[in-house]
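The values are calculated or read from the model by the stated rules, or taken from the named source; none is laboratory data. Here the structure is a predicted model, which means the values were calculated and not measured. As a convention, Cβ positions derive from the backbone with ideal geometry for all residues, glycine included, and neighbour counts pool all protein chains shown.
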Ligand code: SF4
Ligand code: SF4
């Protein structure tokens, strides 16, 4: 199988990756990692979330592979400002900002279908060739496969059925969104069939992890070194990302893609207007189902969507009697490391 | 507490207007209507909807709903001087101190049971994600139904139609709650009032751009944004007329709003809503007149009374905070040039990602046309850590720079 060589950058879990792939590119998630010096605050403001500031820092410092373009989603104010700032510092880049509805009702799906069509036109233009339906269909198949593999691996690793370290899961995730999907599928297939069967040795306290993003594999080791055993998550750089697209033949392909993306497990920015505050309910349900004794919420500083929902999330955990530790961080291992004592105390409390 | 505040204010202003009916009273008329809105919201006698900033208030008022964006309450709490307790309460309830103060104060007030319970809520995705979050939270606190309007980023016909369809659905949602179908004649009247107000407000802004300006830096503060709440009413037409006549007379009689106007300034986004000495400092020490605020302009076309939904949608999309930064910068440049300003002040409201996050690019954009911008670091509703000394020093340096340019 041949694979796409050129990258297109993206920054949000709602990005329609199959379309990017169909146009002949490899989607590359610009993760807020690396040690680029802190300069984004001058263009934006220091009070913007470190997720987007780090992404911009990577752009300012050329800490990125060559990108044939970038696709941003208008998921929150910070993302919108990131798109503006990106255009300012890299005016010659191909860039598109897709509007992302807040809800997943019929009108929103139809609107988002139009936005994905805009993306199809844009990437076709960037690549100088029309992206056809069969290619999008293939892109969907490929990413559905990645989702299936990742979901299976995640389940097995969390269940301790693979004798492998939890940080491996995060490394795999990072690879699945930054590298060739075909190579990834081959590796994932191998990993699943490899003889890493057997019980994982971690005897830590079962903990559920949630929040926006936590891409550094080392962070998971740190939690474990504090006595935790992560047995489930709701992270946008984790299990929330993988959600296969359902195509039923009745709807058009692009519409199915739009609907699946909007109906994916929501992050805090997405609203179900019929159940305000649903996110808290979703999190506690998942946490309970995972068998965790407590939960750790990792919230990115200055992230309005999450910070504003935290009190109601806390309430849900309180109601359910599940202890919750909230860590406010800046996506770096350092910021979590600074809270090590709190994590240790929390785990100790859970183990009593 | 707020009901009494609004009632006292209302009777005070009404008495002043009565005392001196022939003296210029546009701002008083405006303030009177604002306090009346406050009274209606808090009296418990009306159907109330808490809304996002870009909700169609004229449509809602034609449907018999007293509606208001919640940030208005934040601003009111700030102006009463009592906001600190609400901010404290919100923070103690777990809301981060660095989310927008407008929202924090409203959440604090709702949590304390001091905010009227609405019949329903209407959130709007524009101008900010914080605004969406606060509405979702309030819907949870009040246990009331929520409708969400997703305002797309640009005015393509497809986008306008999408929002128009949502607004139609919203009208159905409102009817379902009130049990009353939409009264087409009332809607027509409201839209006609809106269009009339729009025309007159345009004249007001044009008159305000005169050099020297008939405004005094205070006359039109918060005007553009708050007038959105009164659109569709006869009161809005009357207020605009009062401003127009007052400004026209001042221009004709060569009686500027600020005698000795030396510097003409533009204020970006929101004014500081609590009492503070900076206004006086600008006025008295530097003879600097805030002649225009970012939201004091008409960015939308008249609305067709025969098909109001498309026009209402276009208006919501057109607000300068929507869309990409170039759109906003173009609007600011246009204002800067037509008002012949010397400089701009951007308070960079601390919790506002939408606004403060655009700080650097707004400065760059105004620099393109030679307009310097003073970026302040301030929470425009939270007086608790207002750094007067630091701000005055920054203002002083800004005027030294302007002096050196003349
Ligand atoms: S972390 Fe929060 S504020 Fe930052 S981009 Fe994501 S949703 Fe937006
Ligand atoms: S100040 Fe900013 S965050 Fe606050 S309500 Fe206005 S736009 Fe939203």
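Here are the numbers for the structure shown:
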item: Out of B:364, B:400, sole residue that is within 14 Å of chain A (Cβ to nearest Cβ), modelled with pLDDT of 95 or more and either farther than 25 Å from residue B:274 by Cβ or surrounded by 20 or more Cβ atoms within 10 Å (Cβ to Cβ) (or both); result: B:364
item: Selection count where residues are within 25 Å of residue B:198 (Cβ to Cβ) and modelled with pLDDT under 95, scope segment B:324-353; result: 0
item: Test: residue in segment B:151-169 that is within 16 Å of ligand 2 (Cβ to nearest atom) and crowded, with 24+ Cβ neighbours inside 10 Å; result: yes
item: Selection count, segment B:79-94, where residues are crowded, with 24+ Cβ neighbours inside 10 Å and within 14 Å of chain A (Cβ to nearest Cβ); result: 1
item: Residues that are within 14 Å of chain B (Cβ to nearest Cβ) and either part of a loop (DSSP other than H, G, I, E, B) or under 19 Å from residue A:20 (Cβ atoms) (or both), drawn from segment A:60-69; result: none
item: Output for segment B:45-54, where each listed residue is closer than 21 Å to residue B:74 by Cβ, away from ligand 2 (no atom under 16 Å from the Cβ) and in contact (Cβ under 8 Å) with a residue 40 or more places away in the chain; result: B:48, B:49
item: Given (1) at the interface with chain A (Cβ under 10 Å from one of its Cβ atoms); (2) part of a helix (DSSP H, G or I); (3) crowded, with 21+ Cβ neighbours inside 10 Å, number of the condition residue B:108 does not satisfy; result: (1)
item: Segment A:212-259: number of residues that are within 14 Å of chain B (Cβ to nearest Cβ) and either more than 16 Å from ligand 1 (Cβ to nearest atom) or farther than 26 Å from residue A:76 by Cβ (or both); result: 1
item: Hey, residue A:92 surrounded by fewer than 22 Cβ atoms within 10 Å (Cβ to Cβ) and within 16 Å of ligand 2 (Cβ to nearest atom) or not; result: no
item: Number of positions in segment B:351-361 that are in contact with a helix residue (DSSP H, G or I) (Cβ under 7 Å, 6 or more places away or on another chain) and either without any contact (Cβ under 8 Å) to a residue 60 or more places away in the chain or surrounded by fewer than 23 Cβ atoms within 10 Å (Cβ to Cβ) (or both); result: 4
item: So residue B:136, is it closer than 21 Å to residue A:278 by Cα and either outside any loop (DSSP other than H, G, I, E, B) or away from ligand 1 (no atom under 16 Å from the Cβ) (or both); result: yes
item: Residues that are surrounded by 22 or more Cβ atoms within 10 Å (Cβ to Cβ) and at the interface with chain A (Cβ under 8 Å from one of its Cβ atoms), drawn from segment B:136-150; result: B:136, B:137, B:139, B:146, B:147, B:148, B:150
item: One residue from A:155, A:161 being modelled with pLDDT under 95 and either touching a strand residue (DSSP E or B) at 6+ places or on another chain (Cβ under 9 Å) or within 14 Å of another protein chain (Cβ to nearest Cβ) (or both); result: A:161
item: Residue satisfying condition, being closer than 21 Å to residue A:18 by Cβ, modelled with pLDDT of 90 or more and surrounded by fewer than 22 Cβ atoms within 10 Å (Cβ to Cβ), within set A:224, A:255, A:218; result: A:255
item: Contacts under 6 angstrom Cβ, first residue in segment A:256-275 being without any contact (Cβ under 8 Å) to a residue 40 or more places away in the chain, partner part of a helix (DSSP H, G or I) and more than 16 Å from ligand 2 (Cβ to nearest atom), 6 or more apart; result: A:265/A:240
